[in-house]
Each structure stands twice: as structure tokens, then as C-alpha cells.
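Structure, as C-alpha cells:
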Amino acid sequence: MSPFAWETTLHWSAVALYIAGIVGVAYALIFDRPGRRAGALGLAAAGLLPHTAALALRYVHVGHGPYMMQYEVLSSNAWIAIVLLLLFLWRRPDWSPLALVVLPVSVLMLGFGLFTNPEARDLPPTLRSMWLVFHVLFNKLAVGAFLLSVAAAVILLRKLAGASSPLLDRMPAAATVEIYTMRFVGFGMVFWTTTIGAGAIWAHQSWGRYWGWDPIETWSLVTWLSYAILLHARLFFRVNARATAWGTIACFILSILTILVFPFVFPSMHAAYFQP
Amino acid sequence: MQTINIHSMKRFLRSPAIIMAEIVVITLASVTGVVYPQAGAVDGEALAQLRESLPALAALGQDLALDRVFRSVWFLVAVALAFASLLVVAVEEVRRLFRTRFRPFAPAGGLFIHVGLLLVILAAALKALFGAEATVDVLEGETLPPTSAAWAVQKPGVLVSPLRIANPITLETVDAHRYRGGDLQSLAVRLRLAGDATAPRVADVPVNGSMDVSGVRLFVGHDYGPAALIEWQGKVGEPAKTAALLKHERGRRFEGVLAGPDGESAYLRGSVDPAGNRPAGIEVRVMKGAALLSTSTVRIGETITIPSGGSLTLHGAPFWVRLHASRDPELWLFYFGFTCVLLGVTVRFTLIPLPRLAAVPVRTLSCKHRVDARMPQPAMLFALAGLLGLTACSRPSSAEARKLVERYNTVVAEAYRRGDVKLVDGVVGPNEGKKLTGLIGVHLDMGLTLDSKMLSLDVLDAKQSKDHLQVLTKERWSYCDRRIGTGEQVGEKSEDAYEMRYFFKRFDKEWLVDRIEFATPPQFGREPGTWAIAHGRMQGHAASQAESKEAAKP
Ligand code: HEM
């Protein structure tokens, strides 16, 4: 089998295991079988093995990290989101309902990536910089953290709507869920701030200016300021939990648009400079 | 009276409503800067198109300075107010921290963020006032004099003069390597700075690297290519000596055009070899209007004569590179400010125990009511769906289909006119590319080029399924053939009408023409003579012509 055939097989095996994990977690939580929960999350964790192998094979095949094509960007984003989820659930097993939001979104991201152009693109000299690695790594961590905040926000909305089930009752009270939502937002802000910083240093290195209002630079600032607006609205006007949850979801959508959609909509130095 | 003013000013600057307004205005300005076309931006024609298509909106945008939002008064006032608010807030936070002896430590996070933002805004102001940038394209072996005029583009800060390097600097060599697939793998330049007493300083500067010369940073980007050193002797007068800088087109190809002394245009193409070295020769096509006067590959030192008079000599093909220079006196202030912001966000959100994450000391805030924003859930769902809907790919409008067809026809017409099939690479897939190679080749073999012009184009229908797009059009064209060398018309001019069906296919996000066919039998303006001229329009006929020509070959 060709390296790409191996990559594809490993990727789809990971998808299968993740889906099995989703079904298992849903079954365990909806039918209140806590004993099955660990096994289901184990299946999802098992999915990380072929997924990691596929990403490693891709790295060997193309000779650089996952930051040129949507195929590799989405796969690595999904990988990091699932790792963050499993790490958190390992520390907080009661929060396993988070998996019912994070796992499906990550599998969708991975699946969408697998249908895009998998062509191996050579790395242009501009991208051969340590600051790019930080820029991209922390960007993926930010997406993972913001995805966890959205999952917590969804659960918060369900609790606020008075929904009750073995699934939700096992979770902490709405007030605590709201705090965790903001904790995940906070982690995301740390990672997103680092992303902007590393990007500025790299831009100064290769384009001679650390800030030039390039569309993608500007959208990442807008996303950052939107989270700041959410923080200050909570602080100044003490908006209620429901508004906090909806604000978190809206800001997450803006961050996904900034990373995955706007680079293909707005002409920017980011795209133009990748491979002349 | 004095203290009251300062006190009320401070209360104004730290009131929640004003602070939120500042952040929201700066955010909306940033969105405007991306969504609304900006004057002098990389994609400058967007503003011209807006003025043409929506003059009223463009006029309003100009009045509100939306087309230069980051230099607009209202944006600068918002930033200045934010700076003042941050100052007031930071002073208060410092006082409170000292009063409480940094217990709890939580507010220190907010303080670091706000002080960091203050420093970043300050750095931006210093750059606008004292920073400077400059750019120039330099040939290998060329020396830049120590003057500001040596730099082609200068962007000095408001309070500083244009940038210059203290000593003459020479570009000795450009070392470029490409991957097997043709993409740029590495680029480095060797710069020699003439010293006064000390020995000259030589530095190899790669992409992402730099050479610092008394506070000015020299560096290179991706812009480089072969330069055709051409001496063009017109019919009369002195010969013109020019370095035509060829720009990267695709793969290992670089292209450019040079105006001749008697109204001609020389279309130049140089390809670096697989290792990335300088081209040994340059493809030269000399055109005058629609006439192809001469087409040949000229080697270094060789001279070609132009049938209409004059001659053209290629003296060399060294590399050129775009050299950048920048002076950022405020750079470290920006980096220090940014580090404070990052430290603050980290302290505020990761090091503070959870219970205190919610219990933020809001004692100093005047506004106590709790906004109980009952978000009507259905409305939010529609809003989210609408937002996501925006990003779903929509059916091709006839305007988009028209643009694709026009792009194809413009490029193919130019390829026929210049006898240069490589031009079509960017608009056709492999099938159509092979066909056009044959058709244009047949013309060149007969010593002719085709001068064609689209008179009208109507898009009748456009249907898309995932990676395939079919466009039905009605077109009217005018053609005539021209003899290579003189440009004299051969045979009659013809006006033809067609209904064409274009089959576009998506190749790595680009719509390329995979094939075209007549939707209905074409109406020719003239009777085909003994030499039925092969042409992209007369697809069926031309193909057989190309094949018969192929078959007729000994
Ligand atoms: C116009 C600019 C800004 C002003 C005037 C401002 C002002 C304030 C004020 C008055 C507070 C409450 C301080 C306290 O009583 O503890 C605060 C808190 C805070 N601000 Fe800002 N701020 C600004 C921009 C930002 C931005 C862009 C961020 C980016 C993340 C930010 C992050 C924070 C954080 C994290 C807190 C603490 C929130 C909490 O404790 O939950 N601020 N800000």
C-alpha cells in the first residue's frame, strides 16, 4: 500500500473508533450505565492511536508539520481537541457529557478534512521558522479549549432550560458549569494571545512588520476583542448565565470562521505568501 | 473646580458604558477594515469596483472614512480614549493591589493585561511617528548608494525622514533553490556592506533572516527572479538598455514584458533549471498591436533582428531580488507590552482557583444592576444558522460564470495572438491544454497567428455539481489571421456567432476549462477557404484539421 493509502486507512480507522466512542458514551449517559462510560471513552482514546500514526505518516510523507493544506490542518485540530477532552475527563469523569459535543464536532472536522485536497505541498522558506510552530500549535490548542467552552455552554443552556436526566444530574450545578465555561474561555484566550504574539514575531521576521492589518491578522484580533467584550460584559453588567453561554458560542463560531473560512474568503498575505 | 473636572473626567473614562463602547468601536473598526475595501490595500481595485457599482455607498463610506478606517479620526479618537481609560483603570488597580497587599492576586491579571495594552498602543503610536520602511528591487552585482533616493518605495513615520543606509551596499549573489515540483525551497542573498576604515562586512541573509546596519534591518521576502538585460536598437536613434525584471508566474517560470522603442512589446519568459539556477536563454515574442513580429529563444550574447526593423540583444540574465529595510525603534516596547498581556491572561485565567474566577471584585464599578438577558432561543438559532449558511457554498451566479468564461476567452485569445500556448496553463485543464497546444501549433506551422476579439457574450445557463460546472453561452466573435513577421492580415475578417457549452472542472479549488463544445451548429461569417483555419471555436472542425495535419506528417 502507498503511504497515502496507509494514511487514509489509519484516518478512517480513527474515525470508526471515535464514532464507536460517541455511541458508547451516549449509551452510558442516556441509559445511566456509568460502568460503560470508561469503556466508551477508552474506545475514543483508542482512536487516537491510528490518528497519531496517520499524522506521523503525513509528517514523514510531506516533510513538515500540519499547516499547509486543510486536510492536515483539520486532522491535527481534531486530534488536539480530542486529546484536551480526554485529559480533562480523566481529571473530571463527571463531565463526560462534554464528549457528546466535542467528539462529534471533532469527527466532523476530521471527516471534512479527509474529503479535501490531500496533495502534499512543499514548505516555502517563509514557513521555515520556529515562530510558525508556536503560532500554529497554540492556534490548535485555542480551538480545542474554545471547543470545550462551547460544550460546557451547551450543557449550561440545557441545565438552565430545566432539562433533567441521569446525564445532567451527574454534572455539577449550573453555576459551576458557568465557571468552567469561563475557565475554558480563559485557557483559550491564553492560547489565542500566544498565537497572535508568535504570529506577530514571525511576520516581523519574514514580512518586516509585526502588524499590518492583514485580513487574517485583523479577524484574529476581532475574535480576541469579542472574547474581551464577553468578559467585560460579565464583569460590568453581570450578564446572566444564559447570555454568557450564548456569548461563548457566538465567539467560538467567530474563531472557527477566522481559522477555517475567512482565509479562503478574504485575499490575505497569509494565503498569498504560502507558495508562490 | 479643577479637581472636580479631573474627577468627573476619571469617572467618565472608567465608566463601564464608555469602556465597553471603546472596545466595541475598536472591534467594529477592525471588522470594517477587513470587510470594506481600503484605499491603498493589496487588492486595490475593490474600492474602484465599489465606486463603480455602488456610488452612493462609496460616497457615504468616504464621508465616514470607512475606506481608510485605521487612519480615520473616529478610530484614532476611540484608541486615544481607550488609552486614557486604560491609564485610569491601571492606576486604580495598582492602588487597590497595594491596598490589599496583592491578596487576592486575581486583579493583578487584569492589571497586567491593561498595562500591556497601554504599552502596545504606545508602541503603535511610536511606530507611526518614528518608524520607517523602504523597498527596492536590486540586480546581482548592483550597488545601492547610501542615499534615501536609492530606495524605490519609502514609508517614513510622520516625524522622520525617508530611510537610508549609512554605507553603500552591494547585492553580490542570489542563491535560490526550488523543489522538484517547482516551488521555492530556499532563497538567500549575499550582501556586502562597504566599510569606511574597517574591512567590508559580508553577510548571507536567508528568508526569515536579517542583516542589521546601524539600527536598520535589511531582509528579503519571496520576490526574486531572472532579469533580462536587453539592448534594443530601434529603427533609428540610440539603443535602449533595460533590465526587464521577470516575475514568478508558475512553477519554475518567470515572465515579464518590455516596451520597445517603436511601439512594440517584447513578451519575455525565463525558466530557472530544476536546481533553481539562472536561465541560459530567454523566450522572446515581439508583438506590435495584434501582430506577432518574431518569436524565438535568445541565448545570452545573441542578437535577433526584428522584421519591422531594429534588433534586440540579450546581454545577461542575472537574478534580481526585492530588498526590504525597516527601522522599528519601538519594537522592544511592543514585545514587552505583548508579554505583559500574555502574562496577565495567563495569571487571570489559569493560576486563579476556580471559586474566585466568578467572584470578581466589582466594588469599584458604579453599575450594580444585573442584566437578565433572556435570549429568545429560536432567534439565536436562526442567527447561528444564518451565520453558518453564509459560509455554505452557494450556486454559481451568472456573474461568476460570466467571469470564468471571460477569463478563459481573454487568455486563450492572447495565447493565439502571441502564438504562446503556455499562457493558458492557468485557465485550462490537461485535456483542453493538449487541444490548444495542437491548434496554436498548427497556426504557427503555417506562419500565422489568429487575432480574435469577443464582440458579445451572454450566459444562458450555469449548472454546478460539486467539482463540475457547465456554462451555456451565446457569443459573437470577430477573427482574422495575421502573418508572423509582418502582422499583415491573411484572408478576410470574419464575424461568427456560436452557442458554446463550457465544461469547467475544479482543480485544487480553481475552476479550469476541461473542454468546450458547440451547443448548436456555429454560423460562420465567411466561407472556409481551401485552408480551413484551425481555431479553438471551430472545435470539431479544428480538431480534425489538427489531426489531419498530424496524420499528414511524414
Ligand atoms: C479600552 C480598553 C479596556 C479598558 C478601559 C478595560 C477596563 C477594565 C476594567 C475597569 C476592568 C475591571 C477591573 C477590576 O475592577 O478588576 C477590567 C477587567 C478585565 N479586563 Fe479590561 N479593559 C479594556 C480592555 C481589555 C481587553 C482588550 C482585554 C483582553 C482580554 C481585557 C481583559 C480584561 C480582563 C481579563 C479583566 C478581568 C475580568 C475578570 O476578572 O473576569 N480588557 N477591564
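All but one of (1) within 7 Å of another protein chain (Cβ to nearest Cβ); (2) under 30 Å from residue B:154 (Cα atoms); (3) surrounded by 21 or more Cβ atoms within 10 Å (Cβ to Cβ) hold for residue A:189; state the number of the condition that does not hold.
(2)
Please specify each residue of region B:287-309 satisfying the condition of being in contact (Cβ under 8 Å) with a residue 24 or more places away in the chain and surrounded by fewer than 21 Cβ atoms within 10 Å (Cβ to Cβ).
Across region B:287-309, the qualifying residues are B:288, B:289, B:290, B:294, B:295, B:307, B:308, B:309.
Taking the condition within 11 Å of the ligand (Cβ to nearest atom) and within 14 Å of another protein chain (Cβ to nearest Cβ), does residue B:45 pass?
Against the criterion (within 11 Å of the ligand (Cβ to nearest atom) and within 14 Å of another protein chain (Cβ to nearest Cβ)), residue B:45 does not qualify.
Is one or more of the residues making up region B:68-91 assigned to a helix (DSSP H, G or I), among the charged types (D, E, K, R) and within 12 Å of the ligand (Cβ to nearest atom)? First the steps, then the outcome.
Within region B:68-91, the subset assigned to a helix (DSSP H, G or I) is B:68-71, B:73-91.
Now restrict to residues that are among the charged types (D, E, K, R): B:68, B:71.
In the following step, the residues that additionally are within 12 Å of the ligand (Cβ to nearest atom) were identified as none.
Among the residues of region B:68-91, not one is assigned to a helix (DSSP H, G or I), among the charged types (D, E, K, R) and within 12 Å of the ligand (Cβ to nearest atom), which makes the answer no.
From the list B:189, B:160, B:174, which one is aliphatic (A, V, I, L, M) and either in contact with a helix residue (DSSP H, G or I) (Cβ under 9 Å, 6 or more places away or on another chain) or open to solvent by 60 Å² or more (accessible area, probe 1.4 Å) (or both)?
None of the others qualify; the one that does is B:160.
Assess whether residue B:63 counts as being on the phi < 0 side of the Ramachandran plot, more than 9 Å from the ligand (Cβ to nearest atom) and more than 14 Å from chain A (Cβ to nearest Cβ). Full working, then the answer.
On the way: on the phi < 0 side of the Ramachandran plot: yes; more than 9 Å from the ligand (Cβ to nearest atom): yes; more than 14 Å from chain A (Cβ to nearest Cβ): yes.
Judged against the criteria, residue B:63 is a match.
Condition test on residue B:410, is it exposed (fewer than 14 other Cβ atoms within 10 Å of the Cβ) and modelled with pLDDT of 90 or more? Outline the logic, then answer.
Details: exposed (fewer than 14 other Cβ atoms within 10 Å of the Cβ): yes; modelled with pLDDT of 90 or more: yes.
Spelling it out, residue B:410 is indeed exposed (fewer than 14 other Cβ atoms within 10 Å of the Cβ) and modelled with pLDDT of 90 or more.
State whether one or more residues within region A:96-117 are in contact with a Lys or Arg (Cβ under 7 Å, 6 or more places away or on another chain) and either part of a helix (DSSP H, G or I) or surrounded by 22 or more Cβ atoms within 10 Å (Cβ to Cβ) (or both).
yes
Name the residue, out of A:260, A:221, that is at pLDDT 90 or above and either facing another protein chain (nearest Cβ under 9 Å) or closer than 24 Å to residue B:24 by Cβ (or both).
The unique qualifying residue is A:221.
Which condition number does residue A:209 fail, the rest of (1) closer than 23 Å to residue B:70 by Cβ; (2) buried (at least 21 other Cβ atoms within 10 Å of the Cβ) being met?
Failing condition for residue A:209: (2).
Please enumerate the residues belonging to region A:204-260 that are charged (D, E, K, R), within 16 Å of the ligand (Cβ to nearest atom) and within 21 Å of residue A:138 (Cα to Cα).
Once the filter is applied, which keeps residues that are charged (D, E, K, R), within 16 Å of the ligand (Cβ to nearest atom) and within 21 Å of residue A:138 (Cα to Cα), region A:204-260 yields only A:217.
It is to be established whether one or more residues within region B:133-140 are within 10 Å of the ligand (Cβ to nearest atom) and either in contact with a helix residue (DSSP H, G or I) (Cβ under 6 Å, 6 or more places away or on another chain) or assigned to a loop (DSSP other than H, G, I, E, B) (or both).
No, region B:133-140 contains no residue that is within 10 Å of the ligand (Cβ to nearest atom) and either in contact with a helix residue (DSSP H, G or I) (Cβ under 6 Å, 6 or more places away or on another chain) or assigned to a loop (DSSP other than H, G, I, E, B) (or both).
When residue B:484 is evaluated against the numbered criteria (1) modelled with pLDDT of 70 or more; (2) among the aliphatic types (A, V, I, L, M); (3) surrounded by fewer than 16 Cβ atoms within 10 Å (Cβ to Cβ), which criterion, by number, is the only one it fails?
The one condition residue B:484 does not meet is (3).
Can you say whether residue B:38 is in contact with a Lys or Arg (Cβ under 7 Å, 6 or more places away or on another chain) and more than 16 Å from the ligand (Cβ to nearest atom), as far as the supplied structure shows?
yes
Among the listed residues A:57, A:87, A:48, which satisfies the condition of being open to solvent by 10 Å² or more (accessible area, probe 1.4 Å), free of Cβ contacts under 8 Å to residues at least 12 places away in the same chain and in a helix (DSSP H, G or I)?
Going through A:57, A:87, A:48 in turn, just one is open to solvent by 10 Å² or more (accessible area, probe 1.4 Å), free of Cβ contacts under 8 Å to residues at least 12 places away in the same chain and in a helix (DSSP H, G or I): A:87.
Would you check which residues across region B:142-197 are away from chain A (no Cβ under 14 Å), within 26 Å of the chain's Cα centre (by Cα) and among the acidic types (Asp, Glu) and list them?
The answer is none; no residue qualifies.
For a quick check of your reading of the model, give me the residue pairs whose first member lies in region A:211-236 and is under 15 Å from residue A:193 (Cβ atoms), whose second is within 16 Å of the ligand (Cβ to nearest atom) and charged (D, E, K, R), with beta-carbon atoms closer than 8 Å and at least 6 apart or on different chains.
Filtered contacts from region A:211-236: A:211/A:217.
Suppose the filter is among the β-branched types (Val, Ile, Thr), touching a residue at least 40 places away in the same chain (Cβ under 8 Å) and more than 18 Å from residue B:340 (Cβ to Cβ); does residue B:88 pass it?
No: the conditions fail for residue B:88.
Which count do you get for residues in region A:228-249 that are more than 8 Å from every other protein chain (Cβ to nearest Cβ) and either within 25 Å of residue A:112 (Cβ to Cβ) or of a type in the set (S, T, N, Q) (or both)?
Residues flagged as more than 8 Å from every other protein chain (Cβ to nearest Cβ) and either within 25 Å of residue A:112 (Cβ to Cβ) or of a type in the set (S, T, N, Q) (or both) within region A:228-249 amount to 2.
Please go through region B:258-283 and pick out each residue that is buried (at least 21 other Cβ atoms within 10 Å of the Cβ) and of a type in the set (Lys, Arg).
B:269
From (1) within 29 Å of residue B:175 (Cα to Cα); (2) in contact with a Leu (Cβ under 7 Å, 6 or more places away or on another chain), pick out the condition that doesn't hold for residue B:250.
(2)
The values are calculated or read from the model by the stated rules, or taken from the named source; none is laboratory data. Computed from a prediction, not measured in an experiment: that's the story for all the values here. Here the Cβ is made from the backbone with ideal geometry for all residues, glycine too, and neighbour counts use every protein chain on show. Please note that ligands, DNA and RNA were not included when accessible areas were found on the heavy atoms of the full protein model with its side chains. Shrake-Rupley method; radii C 1.70, N 1.55, O 1.52, S 1.80 Å.
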